[in-house]
Structures are given as C-alpha cells and as structure tokens.
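Below is one structure, written out as structure tokens; the observations come after it.
Computed from the coordinates by the stated procedures, all read-outs in this text should not be read as laboratory data. A quick note: this is a predicted structure, and the numbers were derived from the prediction, not measured. In this analysis, Cβ positions are derived from the backbone assuming ideal geometry, glycine residues included, and neighbour counts consider all displayed protein chains.
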Amino acid sequence: MRERMTRRGLFGLTAAAGGAGLARWDAPGDAVPFGPVTVPPGDPRYEELTTRAYNGRYTGQPARVRLVGTPEQVADAVGEAVRDGLRIGVRSGGHGFADVPDHPDVRVLIDVSQMNAIGYDPERKAFVVESGATLGQVYRTLFLGWGVTLPGGTCPDVGIGGHVAGGGYGALSHRYGAIVDHLEAVEVVVVGASGRPRTVIASRDPGDPNHDLWWAHTGGGGGTFGVVTRYWFRSPGARGAPATLLPKPPASLRQAMVAWRWDDVDEVGFARLLTNYTDWHAARPDADLHAGLSLLHRATGEIRLDVQTSGDDPGAVAFVDDYVAAIGAGVGAEPAVQAFTWPWLRATTSSYPGLSRYRMKSKSAMLRRPWTAGQIATIHRFLQRGGPEFYGAGAYLSKFGGRIGRVPADATAMPHRDARLSSFFETAWLDEAEDATQLAWVRDLYREVHADSGGAPVPGEAYSGAFANYLDTDLADEALNTSGTPWHEFYYRDNYPRLQRVKARWDPRDVFRHRMSVRPA
C-alpha cells in the first residue's frame, strides 16, 4: 500500500465498495476537505478549543491551536512547530485525566477532532477510522454500515486516537479482547533525526519494516511516538466480506442498574458485597457478563452495580436476576433494581451526564487478586470520611480478563493480560478552593489501600500495575510514589525497554513528549 493515500482516493474506493457514512466525500466535483485552521489567543474560538479538557484542573494556553483535516495538514503543522522550536500537544476526544495536551509548556495544540471519517478500505481489507472519531461515532457507523463493532470503551465521547494507543478495553472485551487485539495498521506522522515530518503506515504483519511502530500503538500510550491520523481494524485471521472482519455485537442488551442505600449497609454488609462480587467473577472468569461496582462516597447516598449481558439469549433475564441476587446475598439490605432489555446500539451510544469541567483526580490499579479484608475496611473508612463536599468521590471495581487474558503480555504493548479486576479511585469537585482537601482524600486512600506494596500497586503477586489510559502523574513524583518503583513499570512492565527502542527509532529528537511519555533508550 502507498505510504500515503489522499482522503478522496481512500474514501472514494470505500463508497464504490458499498460503504456507509461517507456521503460528505462522495459529492460530485472536488470537495474541499476541512482545514487547516489556525486559532490564536484572542480568536473567539480559542476559549472553546482550550477548555475542552476533561479535567477542569487543566486549561492549556498554547500560542496557537491548529485544527487539521488531513494527514498532510497534520504533517505541515508538526513541521512548522519543529522549525519554530515549539512544544506540541495533540488532542483527539480530549478525555484524558492528566494535562498531556494542556500542559503550560505546550505551545502548539494540534486538534484532530475534525478528522473523524470511518469506512471500509478494500485495498487493505480492513475498516479505517480517522483518529478524531469518537467511540460513539465508530460504534454507530460500523454497526449500521456492516453490523460489526470494536470491543472498546463504554463512554461514547472518548476519542479513538488516544483510546487505542493506550490499549483500550470495554464491555465486550471479555468476549472479544482489547481493542488493540483487532488493530491491523496505524498511520502516524513522525519526526526523524533531520527534524522533517513524514507519514508512515505500520502494520500487524511481523515482516513489515515498520512493525515496531504498530506494536508501540497497542498500549504504549498517546503523545509519545507521533501523531496518529488513521487506524485500520480487522480481527486476526478474519477473511471474506467486510461484515465478517470484525466482531458482531448482540442485537440487544439485558441491563440492570442496582443501588443499595448507604443508610441500609453497615461495614459487615459492605465487606460481604465486595466479597460476593470478587468471588463470583473469580469463579467465572469467562462469564458473558460485564459488571461494574461503584463504591460511591456516603455523600452520594448509595452504592451502585451496573450489569449488562447479551439480551439475545432467552435465559438473559434469569441470568441477570440470579447474578444480582448472588452479589447482594447476605448484605443485609434490599437494593433498588431497574432492569430492562433494549437495542445494543442505543444502549452503547446513549449519552449520560459526564464530569466535564469538573476538577478531578483519578488513580488506577490493575488487580491480579481481590482486595483483602484490610483493604476493604480501608475503603469503607474513606467512603465515610468527610461530608457533602465528596459527592464526586468513590472507588470503582470492574471485571477484567476473559478473552483479554488469552493474549501474551508482550504480543502488544499493553501488559496487563494477567489482571482479573480493574480498580479505580477518583474524586471530582467544582471549587478550586477544595483542591488540597480533595487531592489529599484520594491520595491518602490510594496510599493506604496499597500500603503493603509501598503505597502503590507495584506489579507482583497482587497487582498487574496501572493502566496507561488512566495517567496518574503522582506515580512520576517520588514524593508521592514512595514505593521505589519507577512510574513506567506500573504502566508497561517488561515491555518498557522495547518501547524505548521504538521511541529512539521513530522520535529520536523527543518531539512528542509529556511528563509520562516513553523516554528514548
């Protein structure tokens, strides 16, 4: 395949092959693609573009924002920034928890959000997705066009650009693996030792001379190797018509939203609830069910369990009912339950109130074994601490593993194939005056839960580390990470030296960097 293909050429082929969702590129005549657009401070669009960060603690102040519409425009924007000696930040969906594109040192913010076309590429026999597309757009177009999907995350407004690069997973991953397990190729604008940008396509084929760059984008994190402009997806070994090349989702989902009132749950019942949850999933690692337990702060008034499984099975209703009963057995409180069956696409892409522009702090830990009784007691204590100001605080636990765990840890850059549970600690608030109080709460909780391993989930018997898409800059701060384990071991483990070699080859000038980007070897 050519190293670069124009948007018109690629999507014209797609339309001729019966693609969907690409009408804007099929119009008669020479349609003019979006961009480039340069937005400086003072422009009425500047505030809109610099306050798109998911975390309200961060607002970038770049010298210019470059909105781009083609890989060529991306390369031009990168080349100008390198020539001017300006640090680059890249934004897709803007859903990151840290200040990667919003750091004060970022002077040129490249926004790829308008590069969001999705289609089928008959030359590569794979689905192509531009890096600015959101997960919701991807799910909708793939499903309506071909009846297929990707096992990505459950938040529809997350941009696919960073989600894939970090090794994203979601509600269907227990059945189909992580999203990177279906990554066929990636197109990246990189900068060599000369300082000149070029656009490279790297594929899954081990014989591809660019294969290492593909591998780095299967969990090595965003903002490290270059600017991703396109991804191609095809399941390993898949052949035939487009509708056979990616997983098919269920036609419907059976879902249940379960809530226990804090006033009805004592410490013994709380411990029983968590033990029921972890024991059930430990005994059934391949169960066709996605369930997340939200251990919300007492200020919210309740503890929640969100459950979903395929609604196509005639036994789905009884299966979910039995599951909810098993998790709540012996808790000593009756939960409120809302259960329903509805179409998969509608359930998957439904909008819900997010925390955008809330100030927040998030910290993750991938678990190889359940929390101990002592850790559960610590979590319970923190969830009772403080008052209504902690309405946005909590600890979260979700199932991991299944098909994800059947892939070797070094086959992709995402090493957490041995994790069985994914845990997450977070607090969110509005008032800047609360920063110190809120940060202390979540940091103290995290430190005490992981006290036996130096205050952080050091990879070993109990933990697999932390997840790259949930960047936590505390792990790079020796004053906050007192475990003695460097930050990169949490995210990449034994894969880090190889990532460093990829970095040295493809970004020798360290053009694409942030506080937790891979360091050149």
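Worth a mention:
- Extension gain, ASP105-ALA433: 0.36 nm per intervening residue step, less the Cα-Cα distance, totals 115.6 nm.
- Test item: Cα-centred dipole of segment 252-493, Lys/Arg +1 and Asp/Glu -1 on Cβ, debye: 440
- The coefficient of translational diffusion for segment 183-223, derived via Stokes-Einstein from the alpha carbon Kirkwood radius under 37 °C and 0.692 mPa s, stands at 307 µm²/s.
- Amide H contacts under 5 Å for ASP105: none, restricted to partners 5 or more places along the chain or on a different chain, H placed in the peptide plane at 1.01 Å from N.
- Virtual paramagnetic centre 7 Å along Cα→Cβ of ALA63, amide N under 19 Å, in segment 194-236: 195-197
- One decimal place: the segment ALA193-ASP494 gains 105.7 nm when fully extended, by the rule 0.36 nm per residue minus the C-alpha distance.
- Theoretical FRET efficiency, 1/(1+(r/R0)^6), r = Cβ-Cβ of GLU267 and ASP444, R0 25 Å, to 0.05: 0.85
- With kT/(6 pi eta Rh) evaluated at 37 °C and eta = 0.692 mPa s, and Rh the Kirkwood radius from Cα pairs, segment 252-493 diffuses with a coefficient of 174 µm²/s according to Stokes-Einstein.
- Compactness index (Cα Rg / 2.2 N^0.38 Å), segment 7-244: 0.98
- Take each peptide in 197-204, 164-171, count the other Cβ atoms within 10 Å of every residue, and average; sorted highest first, the result is 164-171, 197-204.
- The peptide list 413-419, 327-333, put in order of mean Cβ contacts within 10 Å with the highest first, becomes 413-419, 327-333.
- Calculated FRET efficiency, ASP212 to ALA329, Cβ-Cβ distance, R0 = 60 Å: about 0.75 to the nearest 0.05.
- Shape analysis of the chain yields a ratio of the Cα radius of gyration to the Kirkwood radius, Rg/Rh, of 0.96.
- Bridge type composition, segment 7-244 - antiparallel percent by DSSP, nearest 5: 75
- Whole-Å distance, taken between Cα centres, linking segment 442-509 and segment 347-413: 16
- Point-charge dipole on Cβ atoms (K/R +1, D/E -1) for segment 7-244, about Cα centre, debye to 20: 220
- Size descriptor, Kirkwood hydrodynamic radius, that averages inverse alpha-carbon separations across segment 123-177, Å: 11.5
- Measure of compaction for segment 375-521 (Cα Rg per 2.2 N^0.38 Å): 1.16
- Sorting the segments 242-248, 124-130, 85-91 by their mean number of nearby beta carbons within 10 angstrom, highest to lowest, gives 124-130, 85-91, 242-248.
- Under a model in which nothing but the beta-carbon of Lys, Arg (+1) and Asp, Glu (-1) is charged, the chain shows a dipole of about 1300 debye around its Cα centre.
- Spacing of the two label points (7 Å from each Cα toward its C-beta) at ALA479 and ARG357, in nm: 3.1
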